[in-house]
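Here is the structure we will look at.
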Amino acid sequence: MIKEGYEVDVAPGGKEALDYMSKTIPDGIILDLMMPDIDGFEVLNSIRNKDKTRGIPVLVLTAKDLSPSDIKKLKSNNVQQLVQKGDINILGLVSKVRNMFIKKTNISSTIEIPKKERAHKDAGILIIEDNPDNLVTLRAILDNSYTIWDAENGADGLKLAKENKPDLILMDVSIPVMSGEELIRILKKDVNTQMIPIIAVTAQAMKGDKDRILSLGCDGYVPKPIDADVLLNEIERFI
């Protein structure tokens, strides 16, 4: 990170991190959840409960196997990015950090949302994603700009699409219960949902994958790992 021009300070544990922030307010935080003395959840809760640190963007980088309860805690504390250790290299991490700083004004509850973002609030996006890390990342990017519904499998996604008629669907192609291909086919054949734009957000990023996925009926394509600017630019094409 230093080579990329960032000034980096390191705290070996949760207590040291809170002591550090009592004297110095960083521009951003990369936080592990498993630390000695005070865990990352407690540190995050403390950060969000203090006026002077509430708006600091936080990227969680952890090897912890996250439970639904853990995911709920992270969602409620405005985590900008969630990354599993071992799933990303240094270049990917640098990209995540850059996105964290770019998008912090859209996510922090202490900063006024720009007019352009407020104008989107009435638009609804359905996210169909079974990976909790990616879901947290997508919600962190979009929550303050759009009404969001989410489903972790194709069957639930179909149900929510029919019930809520979202303005846009973001979906992984590799999802359980009902495959992404089958879900796209059903949505595009149903007169009540066939006009809803579908953007595939997928790790299938080899040569030819984009054309193949678009041929299934998707209207847009965003490769993983998710780049906030690429995602938002693609969404802007349809909403």
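The values are calculated or read from the model by the stated rules, or taken from the named source; none is laboratory data. Quick caveat: nothing in here was measured; it's all calculated off a predicted structure. Using ideal geometry, Cβ is built from the backbone for each residue, glycine included, and neighbour counts are taken over all protein chains shown.
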Original post:
How many of the residues making up the stretch 223-239 are outside any loop (DSSP other than H, G, I, E, B) and more than 16 Å from Ser145 (Cβ to Cβ)?
Top reply: 1
**OP:** Determine, yes or no, whether Asp150 is acidic (Asp, Glu), in a strand (DSSP E or B) and not assigned by TED's automatic domain parsing to the domain that holds Gly92.
**Re:** yes
**OP:** For the stretch 26-43, name all the residues that are in contact with a Leu (Cβ under 9 Å, 6 or more places away or on another chain) and within 15 Å of Val8 (Cβ to Cβ).
**Re:** Gly28, Ile29, Ile30, Leu31, Asp32
Original post:
When the stretch 46-75 is examined, which residues are found to be surrounded by fewer than 20 Cβ atoms within 10 Å (Cβ to Cβ) and under 16 Å from Leu138 (Cβ atoms)?
Top reply: Leu66, Ile71, Lys72, Lys75
**OP:** Starting from the stretch 211-231, keep only residues that are on the phi > 0 side of the Ramachandran plot, then list their pairs with residues that are among the β-branched types (Val, Ile, Thr) and buried (at least 19 other Cβ atoms within 10 Å of the Cβ) whose Cβ atoms are within a distance under 9 Å, requiring at least 6 positions of separation or different chains.
**Re:** Gly217/Ile184; Gly217/Ile198
Original post:
surrounded by 17 or more Cβ atoms within 10 Å (Cβ to Cβ) and closer than 30 Å to Ala63 by Cα: does that describe Ala161?
Top reply: no
**OP:** Could you please find all residues in the stretch 1-18 being surrounded by fewer than 12 Cβ atoms within 10 Å (Cβ to Cβ) and part of a loop (DSSP other than H, G, I, E, B)?
**Re:** Gly5, Glu7, Val8, Asp9, Val10, Pro12
Subject >> Top-ranked residue in the stretch 172-209 [being free of Cβ contacts under 8 Å to residues at least 12 places away in the same chain and assigned to a helix (DSSP H, G or I); ranked as surrounded by the most Cβ atoms within 10 Å (Cβ to Cβ)] >> reply: Asp209
Original post:
Going through the stretch 165-192 one residue at a time, which ones are touching a strand residue (DSSP E or B) at 6+ places or on another chain (Cβ under 7 Å) and on the phi > 0 side of the Ramachandran plot?
Top reply: none
**OP:** Go through (1) over 24 Å from Lys3 (Cβ atoms); (2) modelled with pLDDT of 75 or more; (3) of a type in the set (A, V, I, L, M, F, W, C) one by one and return the number of the condition Ile111 breaks.
**Re:** (2)
**OP:** Select from the stretch 114-129 the residues that are under 18 Å from Leu168 (Cα atoms) and either modelled with pLDDT of 50 or more or assigned to a loop (DSSP other than H, G, I, E, B) (or both) and list them in ascending order.
**Re:** Ala119, His120, Lys121, Asp122, Ala123, Gly124, Ile125, Leu126, Ile127, Ile128, Glu129
